[in-house]
1. How many percent of the alpha carbon pairs in the protein assembly as shown exceed a separation of 40 Å?
2. How far is the Cα center of the stretch A:323-364 from the Cα center of the stretch A:117-142, in Å?
3. Taking the square root of 5 times each eigenvalue of the Cα gyration tensor, what semi-axes in Å does the equivalent ellipsoid of chain A have, largest first?
4. Would you mind putting A:66-79, B:242-255, A:187-200 in packing order, based on average other-beta-carbon counts within 10 Å, highest first?
5. Express the Stokes-Einstein translational diffusion coefficient of the stretch B:238-343 in µm² s⁻¹, to the nearest whole number, given a Kirkwood radius over alpha-carbon pairs, 20 °C and a viscosity of 1.002 mPa s.
6. Test of understanding: in a Gaussian network model of chain A with alpha carbons linked when under 10 Å, which of A:Phe30, A:Phe326, A:Phe41 would top the mean-square fluctuation ranking?
7. Determine, from the Cβ-Cβ distance of B:Val4 and A:Phe160 and an R0 of 51 Å, the FRET efficiency 1/(1 + (r/R0)^6), rounded to the nearest 0.05.
8. Rounded, prolate or oblate: which fits chain B when a ≥ b ≥ c are the square roots of the eigenvalues of the alpha-carbon gyration tensor, with rounded for a/c under 1.5 and prolate only if a/b beats b/c?
Amino acid sequence: MSNFMSRKDLTLFLGFAAVVLLLPILATPFGAAYPDLLQRFMIFGIFAVGFNILFGLTGYLSFGHAAFFGVGSYAAMWSFKLLSLNAIPAILFAVVMSGLFAVAVGYVSLRRSGIYFSILTLAFAQMSYNLAYSVLTPITNGETGLRMTLSDPRVIDGLFTSASGAPVPSLFGMSLSGWNGFYFTAIFLLATFFLSMRISNSPFGMMLKGIKSNQNRMNYTGFNTRPYTLTAFIISGMLAGLAGSLLVVTDPLAGAERMQWTASGEVVLMTILGGVGTLVGPVIGAWLIKYFENIFSSFNDNVLNNFYSFLPDGLREVVVAVSGKFVGEGWHLSLGLLFVLIVVFLPGGIMEGVRRIGARFGHMRKGSKSSARVGATAAVG
Amino acid sequence: MFEVLFLQFLNGLDKGSAYALIALGLTLVFGTLGVVNFAHGALFMIGAFCAVTFRQLLTLETVTVDPNNLSPWGTPVEIRAPLVQAWFGDFGAILVNYSVPLSLLLAIPVMLLIGIGMERGLIKYFYKRPHAEQILVTFGLAIVLGEIIKAIFGPNPIPQPMPTDLRGAADIGAWLGMAPGVITYPLWRLVYFLFSAGIIAAVFAFLQFTTFGMVVRAGMADRETVGILGINIDRRFTIMFGIAAVVAGMAGVMYTPLLPPNYTIGMDFLVISFVVVVVGGMGSLPGAIASGFLLGILQSFASMTQVKAIFPGIDQIIIYLVAVIILLVRPRGLLGRRGVMET
């Protein structure tokens, strides 16, 4: 193979691409094969992969990544309002704006590490959130959220056509709703995944991993780690902005609540659930959380009654009442429990589970320790 | 002008007290067990809901329908008879009136049990694990606790009335020899401040003047040596975790008349309290108290209209802004010691 990509990486990427592109078929048995949900799979996959570049590779736990996501959303929306309904300039503008914001936040926050870094990023995100709700209302439209109207100027569009109908984002005239939107976002997820794979294998990625395992030693060796961490922070912020802008492309409403620290917490959950520092893990985590959010929160007592219909009446009522607390409105309870269990028993996330199972099978098949280890590294990918 | 500033200073005290109490508990847990506890805000919330539960228990009533006595629109009149009044008469009414302070009696044992249960059941497995994992597991626990409260009490805030005797305003200006009516301050906020000051003093006295406290302080300085001396330091640290939970719970109970609690109140306070702890300096008890009051008071000053006219929106971000500046200028926080959280 060429230097560009090892055979293993190419296989992984092609496999990943196949899964993503065939998702409309693969997700059918799970009842998840409709475009709105799959678009979210793609978007939050991008968000989690971007977050993982910072947290997974560099070891800096940011509790404020939703701020970049929100900045991306607002920037894309303003591009739709002022420039054009075309998605490309909106995405570019969003990525640039969130990148600039990441430069500012990262420059300050990365002066500290550990929990201090977490608190600093949290502080910046909370400031953005509070300001978006109060003083910046002219830009963010406060609680109502920012949306497009017919009377927006849209300078570039105005040069070519006269506006007609309700404004919806498009790609050179092609509608981006439904499956088009899914494939549009899927392309970005594949690009992001490719980028993250390349970074992970590059000398730059090695530097980041070195910083994670021992920053002091890196400094003693004579490396100035600051530019590397800052670059990782900016890339990760830009990817968050990309995800934010894609969410606006598929669902044209930008609200401040997506900058709140709970949203930052969610992307942390996704990454941990899937597996920190792995390539595929964050995507799996994002998919699982979005899937459960969608499926669990749609459950109600009727569904549960049907599900437990084999039980005797009295018992069924009790079981339905108890499990009803875990689904529907209360699905966050299941999420929290799942999260605690994962951190306690499987700190490496689902990918570590896969690796352990893979190692056990390898062990049984080959009966030698070395092969188990090879199997393990291959499974981590 | 002095009166205005003094009033804002007073206004900052009650929020500052709440921040200081939560930050005190966080710092106790961090200083003893070395655990960064993101579920501490949830303990504040559970305390607040102890007050809610206590009042619900006190106001249990029997509802009897009188079929002979019809209301103007033709439905039978419901006769509600509060059980407490039925049993205790006027004394029962006083009990209901003072339900918030009285619920401390419920909150203290409940919080102690929850705290010790939490430490033995979950936190103790995380002493040796990285801070990031401690943050994550306690964050998950905080979600779970918040959702349990939501499942039981519903998502809406539940207002708690304060005792009627403490409802008015205190004319602090008159007490200090100024003209009456210049500086008035809600009585309950004053009570809250004095209560918090009492708790803080009690915790410090406990650590400073009792043998138990001495052992705990020794353990904070050097856990291994204390262990080698044949002292079961783990058990004492577990009890300290319980005490921290009790402090947070009491802070939550007494805060309910000021802010109707719902299931997000814990996280709302926790985020700020973490900022408070970091500004004060991780592991420093006086730092946590000082920065709690400092940030509460700064927040109060920032919400003055004169200040907001110059810096719009400053009241929303002042705490975080101060945190950013302090962390950049004094990396260890105001009173932080060397070698804490620096690995």
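The values are calculated or read from the model by the stated rules, or taken from the named source; none is laboratory data. Just so we're clear, the structure is a prediction, and the values are computed from it rather than from any experiment. In this analysis, Cβ positions are derived from the backbone assuming ideal geometry, glycine residues included, and neighbour counts consider all displayed protein chains. When the accessible area is computed, the model is the full protein with side chains, heavy atoms only, and any ligands, DNA or RNA have been set aside. Shrake-Rupley method; radii C 1.70, N 1.55, O 1.52, S 1.80 Å.
1. On the way: 104292 of 261726 pairs.
Considering the protein assembly as shown, 40 percent of its Cα-Cα pairs are separated by more than 40 Å.
2. Cα centres, the stretch A:323-364 to the stretch A:117-142: 33 Å.
3. Numbers: eigenvalues 218, 179, 97 Å².
Equivalent-ellipsoid dimensions as semi-axes: 33, 30, 22 Å.
4. On the way: A:66-79: 29.6, B:242-255: 28.0, A:187-200: 18.8.
Ranked from most to least packed, the peptides come out as A:66-79, B:242-255, A:187-200.
5. Numbers: Rh = 15.2 Å.
Answer from the Stokes-Einstein relation: 141 µm²/s.
6. Evaluated over chain A, the most mobile residue of the options is A:Phe30.
7. Working: r = 58 Å, r/R0 = 1.15.
With a Förster radius of 51 Å, E is 0.30.
8. Working: a/c = 1.94, a/b = 1.32, b/c = 1.47.
The shape class here is oblate.
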